[in-house]
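Engineer: Can you keep this structure in mind? I'll have questions shortly.
The values are calculated or read from the model by the stated rules, or taken from the named source; none is laboratory data. Remember, it's a predicted structure, so these values are computed and weren't measured experimentally. When we count neighbours, we look across all protein chains shown, and the Cβ atoms used for this are built from the backbone with ideal geometry, even at glycine.
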Amino acid sequence: MPTVAFYTLGCRLNFSETSGLARQFSEAGYEVVDFSEKADLYVVNTCTVTSAAEKKGRQVIHQAHRANPEAKVAVVGCFSELRPEEVAKIEGVDYVLGSADKHLLLDYVRKDASFAADSEAVTVGLPEVRSDVPVFVSSYSTIGRTRSFFKVQDGCDNFCTYCAIPYARGRSRSATIAETMEVAREIAAQDVYEIVLTGVNIGDFGRKQGETFLGLLQALATLDGVGRIRIGSVEPDLLSDEIIDFMASSLKLMPHFHIPLQSGNDEVLKRMHRHYDTALYADRVRKIREKIPYAFIACDIIAGFPTETAEQFEDSYRFVEGLDLSALHVFSYSDRPEAAASRIKPVYGAGEKAARSARLHALSDKKKERFYARFEGQAATVLWEADCQDGYMFGYTPNYLKVKTPYQEELVNTIDRVRLSSLQKDANKDWCFLAASSRAGRQY
């Protein structure tokens, strides 16, 4: 039986798509093994959001080729989409499929008789020409049956000046609500307790079919067999009052928001080609805090956009410092050749980008500690996960507070009511609580 191993770089969307590919190969008679094992085929699902992600992709490809020089290596995803010729020249690479075609990998591999899991497989044909308009292909992951990353949308129409994703993944697209619910019921049938909605711009779901992201959330709230639904990143201009109100009223939708900001200076936002200003962003945070005071609110922010002056950075820093956010996801600006900002020479000196990033990381840590401290001693429900680290297992509350307890296998994929005790940092230097008896404290 041919063996295949997968490695995923990048976002949750990539993880959901890799899981879809693994299911295709498994159902076709291939044995899926760990990437550290010797395999007949290695599949590397790549990312191109930063130059560091591309570098890591090359390293993983070399690792696979060294592990078994006789094996085939398939490189799929965003890096392959943007620079297929470059990827094809890497030693050991046999298949190069971009974001739009990665779901066809099994068909390409089946054309090679040495990989056929059965005699019929070698007869599978392929379209000769790729469509210029990518289709939407749904996918989902399962992680120890606890959580599933569910792809509900792909692509983006915004073309922000720092971003190559629209070139790598194409225009915004999604299935209908009815089609999406069919897949959601398939996930629910696998005893997955939590679904995390993923996509490039999930707030744009359904626009081209005359449907809305709110409509999808309302449908998913009726889904049987899943206790929690968590949304991924939603652009502030697409996060309507109606969405916030509905999430505040729903027990199934988790009080967890990820709202990209990118800069707290309006002039920089314009140069980034973002579709909102700081006033709108601050209003979204205020609205959430008004309706769901205990919600976890995270934001993305870029340090060192090429036109960002020292004064504009200070303006941005003060804006973020003044918002009631729970954490920041800080990204140092990475030049993407396809993006418009790549033609702009930075206005700051060497080392300034790293210094700005460090300040934002420190601010994030301070905000996260302050947010966690609000809940110390209170009771909350935790969904326990399977991973074991230094004798501990970890889980998350509805509002995304990380909690740990000594590993107990019987707790995996269960909901437990605990008291949030002893705020501390874990081995990854991330804030977390130690779980204690829930008989003390009140539940928020």
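Engineer: Residues to consider are Ala379, Ala373; find the one that is within 25 Å of Leu325 (Cβ to Cβ), exposed (fewer than 15 other Cβ atoms within 10 Å of the Cβ) and either over 22 Å from the mean Cα position of the chain (by Cα) or among the charged types (D, E, K, R) (or both). I'd like the intermediate steps shown before the answer.
Structural biologist: Numbers: Ala379 fails: exposed (fewer than 15 other Cβ atoms within 10 Å of the Cβ).
Criteria check complete, one pass: Ala373.
Engineer: May I pose another question? Given the criteria surrounded by fewer than 21 Cβ atoms within 10 Å (Cβ to Cβ) and assigned by TED's automatic domain parsing to the domain that holds Val330, does His256 qualify?
Structural biologist: Spelling it out, it is not the case that His256 is surrounded by fewer than 21 Cβ atoms within 10 Å (Cβ to Cβ) and assigned by TED's automatic domain parsing to the domain that holds Val330.
Engineer: So is Ile202 crowded, with 22+ Cβ neighbours inside 10 Å and within 21 Å of the chain's Cα centre (by Cα) or not?
Structural biologist: Values: crowded, with 22+ Cβ neighbours inside 10 Å: yes; within 21 Å of the chain's Cα centre (by Cα): yes.
Here the answer is yes, as Ile202 does meet what is asked.
Engineer: If I ask for residues that are hydrophobic (A, V, I, L, M, F, W, C) and out of contact with any strand residue (DSSP E or B) (no Cβ under 7 Å at 6 or more places or on another chain), which ones from the range 235-248 would you list?
Structural biologist: Leu238, Leu239, Ile243, Ile244, Phe246, Ala248 - these are the residues of the range 235-248 that are hydrophobic (A, V, I, L, M, F, W, C) and out of contact with any strand residue (DSSP E or B) (no Cβ under 7 Å at 6 or more places or on another chain).
Engineer: Same structure again: All but one of (1) of a type in the set (A, V, I, L, M, F, W, C); (2) modelled with pLDDT of 95 or more; (3) within 24 Å of Val196 (Cβ to Cβ) hold for Leu423; which doesn't?
Structural biologist: Unmet condition: (3).
Engineer: What do you reckon, is Val285 aliphatic (A, V, I, L, M), in contact with an Asp or Glu (Cβ under 9 Å, 6 or more places away or on another chain) and surrounded by 16 or more Cβ atoms within 10 Å (Cβ to Cβ)?
Structural biologist: Numbers: aliphatic (A, V, I, L, M): yes; in contact with an Asp or Glu (Cβ under 9 Å, 6 or more places away or on another chain): yes; surrounded by 16 or more Cβ atoms within 10 Å (Cβ to Cβ): yes.
Taking the combined requirement at face value, the residue satisfies it.
Engineer: Kindly check whether there is at least one residue in the range 352-366 that is touching a residue at least 12 places away in the same chain (Cβ under 8 Å), of a type in the set (D, E, K, R) and within 19 Å of Ile288 (Cα to Cα).
Structural biologist: Checking the range 352-366: not a single residue is touching a residue at least 12 places away in the same chain (Cβ under 8 Å), of a type in the set (D, E, K, R) and within 19 Å of Ile288 (Cα to Cα).
Engineer: Follow-up. On the phi > 0 side of the Ramachandran plot and crowded, with 19+ Cβ neighbours inside 10 Å: does that describe Tyr400?
Structural biologist: The answer is yes for Tyr400.
Engineer: Please tell me if Val137 is of a type in the set (A, V, I, L, M), modelled with pLDDT of 95 or more and under 18 Å from the mean Cα position of the chain (by Cα).
Structural biologist: The answer is no for Val137.
Engineer: Okay, next question. When you scan the range 142-194, how many residues do you find that are closer than 30 Å to Leu82 by Cα, among the small types (Gly, Ala, Ser) and assigned to a loop (DSSP other than H, G, I, E, B)?
Structural biologist: The number of residues fulfilling the criteria is 6.
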